[in-house]
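One structure is given below, encoded as structure tokens.
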Amino acid sequence: MAWSDLLAGFAFYLIIEGLFPFLSPGAWRRGLDVVAQFEDQRLRNFGLGVVIAGLALLYFVRG
């Protein structure tokens, strides 16, 4: 994997993350309020799930 691939992936991440507050700032803010009320363990479990999903997708795409 080249550095350009890593930077391209990071660029896509920034684009997708920026779309939500740009398109619907009110809904994005409400969503953040909901997440801010989660317990630490629930956030950790969610984070772990996202990491595992990302690794599985990367494994599937890159083989």
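Segment VAL34..ALA8, full-extension length gain: 6.3 nm, with 0.36 nm per residue of separation and the alpha-carbon distance subtracted. Phi-derived couplings, Karplus 6.51 cos²θ - 1.76 cosθ + 1.60 at θ = phi - 60°, listed residue by residue for the stretch 43-48: 5, 4, 4, 4, x, 4 Hz, with x used for Gly and Pro. Backbone geometry of the stretch 54-60 corresponds, through the Karplus equation with coefficients 6.51, -1.76 and 1.60 at θ = phi - 60°, to 3J(HN,Hα) couplings of x, 5, 5, 5, 4, 5, 5 Hz, x marking Gly and Pro. Gyration tensor over the Cα atoms of the chain: the corresponding equivalent ellipsoid has semi-axes (square roots of 5 times the eigenvalues, largest first) of 26, 19, 8 Å.
Read-outs: derived from the displayed coordinates by stated rules, not from any lab. Given the structure is predicted, the values throughout are model-derived calculations rather than measurements.
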